Structure formats: C-alpha cells, structure tokens
Amino acid sequence: MALRSRPLTPSHSFLRRNVHKYTTAIHVSPHPHCLFPHPPVLLRFRRPVSFPPHIPRSSLTPATAPLLQDAGATAAVLAGAYSLVLTFDTLNHRNLIQQSLSRKLVHILSGLLFAACWPIFSTSTQARYFASVVPLVNCLRLIVHGFSLVTDEGLIKSVTREGNPQELLRGPLYYVLILIFCALAFWRESPTGVISLAMMCGGDGVADIIGRRFGSMKLPYNQHKSWAGSISMFICGFLISIGMLYYYSALGYFQLDWTWTFQRVALVALVATVVESLPITEIVDDNITVPLVSMVVSMLSFGY
C-alpha cells in the first residue's frame with residue numbers, strides 16, 4: 001500500500017524551521033580506533049526552545065529602579081524628619097535644652113537636611129514629587145494639630161513659641177510650604193532653591209539664636225531686632241549658601257564660577273538680611289519674606 005504524503009501545514013513549517021534552527025550538529029566517527037577513515041555520522045541534539053521567548057529580568061530593571069529608589073528615599077527622609085523632631089522633643093522634655101533653642105534648631109536642621117537629601121533621589125522626572133511628599137506630610141500634620149483635631153504636645157513644644165496650637169498654622173506652616181515650593185519649582189537644577197532654603201533655615205534661624213543671646217544693641221528702626229542678629233544672619237546665610245552650592249556643584253548638578261558666585265550670594269544675603277530686619281513681622285512672617293526675596297534676587301543674579 002503506497003504511502004500518501006500530506007501537505008505541510010503552517011504549524012509544521014514553523015516547527016521544521018525552528019527545530020532546524022535550534023539544533024547542533026556533531027560529527028562522530030562510527031569506529032574511532034579504525035585506521036581507515038569512514039564517513040562521519042551526523043547526530044543531532046535538540047536545544048530547548050521556549051515559546052514565547054523568555055524576557056530577561058534585567059529588561060524590567062530600568063523602568064522600576066527609579067520608582068523603587070524614590071519610594072525608598074521618601075521613606076528614609078520622612079523617618080529622619082520624625083526622628084529629628086522626636087530627638088529635640090526628648091531633649092526638651094528632659095530639660096537638657098531650652099524650648100526656644102529646640103524650636104530654632106529644628107527650624108535650622110530640618111530644612112537644610114531636607115535639601116541635602118535631594119541627591120539620594122533618582123534622576124527621573126517624578127523624583128521631585130516624591131521628595132515633596134515629605135514636607136507635604138508635615139504640612140497635613142500641622143494643619144490637623146493646628147485646628148486641634150489631634151493633640152500632640154511634643155510637636156507643639158518643638159515648633160511653637162508660646163505652646164499655642166494655632167501657631168502651627170502660621171510660621172511652621174509657611175515653612176513647610178516653602179520647602180514644597182522649592183522642591184517642585186527649582187529642585188536640583190537651580191541654585192535658587194538651595195540659596196532660598198539656606199537663607200530661610202540657616203540665616204534666619206541663626207539670627208534668632210544669636211539675637212536672643214547677644215542682641216543688646218537694637219536696630220534704630222526696629223527694636224525687636226538687633227545688630228548681632230542681623231550680622232549673624234548675613235554671615236551664616238552666606239556661608240551656608242556657599243556650602244550648599246559647593247555640595248551640589250561637587251555632585252555635578254551645576255558648575256559655577258566661584259568668584260562670581262561669592263559676589264552674587266553676598267548680594268542675596270544682604271538683601272535678605274535687610275528684609276528680615278524690617279518691622280513687618282506682624283504683617284508678613286519671616287518664613288515668607290526671607291525665602292521669597294532670596295528667590296527673586298537669586299533668579300536675577302544666576303538667571304535660573
């Protein structure tokens with residue numbers, strides 16, 4: 001009985017091509033000890049073929065790595081912010097540090113450490129939004145406690161002058177709003193955000209500490225401000241701004257001509273110091289005037 005050949009279907013043709021493709025030919029002599037050559041015997045070993053092809057795990061890494069890095073950085077910075085406030089609250093509770101000094105140290109360190117942590121976030125476009133979550137959480141916390149929806153005596157003692165929860169809705173709230181704005185508007189690409197935070201946190205914070213201790217000589221146009229406080233604000237604001245700029249420049253975020261930079265930062269520090277010394281605190285808080293005027297002068301000086 002004669003065998004009838006069946007036509008190859010598309011699936012048969014596909015398997016024939018792929019089996020041919022994923023096989024290895026090995027030539028083996030049937031009599032390896034024979035003196036006379038013999039034609040080789042062709043043996044074929046099939047290699048495993050996966051359908052569909054396997055997707056390497058490394059191909060998923062570039063898409064997920066920035067997201068995981070930013071989420072981890074946000075959690076780390078948020079934990080650090082809470083630890084900072086808790087540390088000074090504990091020191092104040094044990095009478096190891098005065099409440100006014102504790103409040104100002106939190107004012108100085110929290111903003112500067114927040115800006116110093118920006119490089120640990122990824123280079124993706126969403127990194128600045130992840131970073132802004134940290135002050136946003138603190139902003140919501142201040143609002144909740146400021147309206148006395150929840151009571152937290154440690155928070156109130158750490159960041160208020162008189163222990164009044166409504167104080168949280170003024171200076172401290174403006175403070176975290178400036179942190180959010182600087183992270184979203186300037187981020188790591190501009191010296192403006194770094195200088196603004198340095199003047200608000202470092203310059204203004206140190207001015208209050210020095211002014212309370214050595215501020216016997218008051219300014220002629222404002223009896224609530226002293227020469228010692230204003231001079232210390234100018235010097236510390238200038239030095240901290242230069243230090244932050246050097247930090248970001250060393251990491252490669254921007255390159256600066258330092259002779260020209262010293263002059264521009266000194267101008268920003270001088271204008272911010274003059275504005276801080278004006279008798280307008282009852283009208284506009286220093287946590288608004290100092291960073292805003294620093295932003296304007298910095299943008300005019302550096303161009304971005």
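The values are calculated or read from the model by the stated rules, or taken from the named source; none is laboratory data. Keep in mind that what you see is a predicted model, and the values were worked out from it rather than measured. Please note: Cβ atoms are built from the backbone with ideal geometry, for glycine as well, and neighbour counts cover all protein chains shown. Ligands, DNA and RNA are stripped out before the accessible areas are found, and what is left, the full protein with its side chains, is counted by its heavy atoms. Shrake-Rupley method; radii C 1.70, N 1.55, O 1.52, S 1.80 Å.
General observations
- Summing +1 for each Lys or Arg and -1 for each Asp or Glu among the other residues whose beta-carbon sits under 10 angstrom from that of Phe254 gives 0.
- Loop-resident chymotrypsin sites (Phe, Trp or Tyr not before Pro) (DSSP state other than H, G, I, E or B) in the range 240-297 with no more than 15 further Cβ atoms inside 10 Å of their Cβ: Phe254.
- Point-charge dipole on Cβ atoms (K/R +1, D/E -1) for the range 80-168, about Cα centre, debye to 20: 180 debye
- Packing-based order for 83-92, 219-228, using average beta carbon neighbours within 10 Å, highest first: 83-92, 219-228
- Burial order of peptide ranges 181-187, 69-75 (average beta-carbon count within 10 Å, highest first): 181-187, 69-75
- Annotation: per residue accessible area for the range 221-304 equals 52 Å², rounded to a whole number [probe 1.4 Å, protein chains only].
- Tensor-based shape of the range 121-274 (alpha-carbon gyration tensor, a/c under 1.5 rounded, otherwise prolate or oblate): oblate
- Packing around the peptides 139-147, 232-240, 93-101, 193-201, taken as the average count of other Cβ atoms within 10 Å per residue, puts them in this order, highest first: 193-201, 232-240, 139-147, 93-101.
- Between the range 59-136 and the range 238-252, the Cα center-to-center distance that results, in Å: 19 Å
- Each Lys and Arg Cβ is given +1 and each Asp and Glu Cβ -1; about its Cα centre, the range 169-231 then shows a dipole of about 260 debye.
- Proximal charge balance of Ser232 [Cβ under 15 Å; K/R count +1, D/E count -1]: +1
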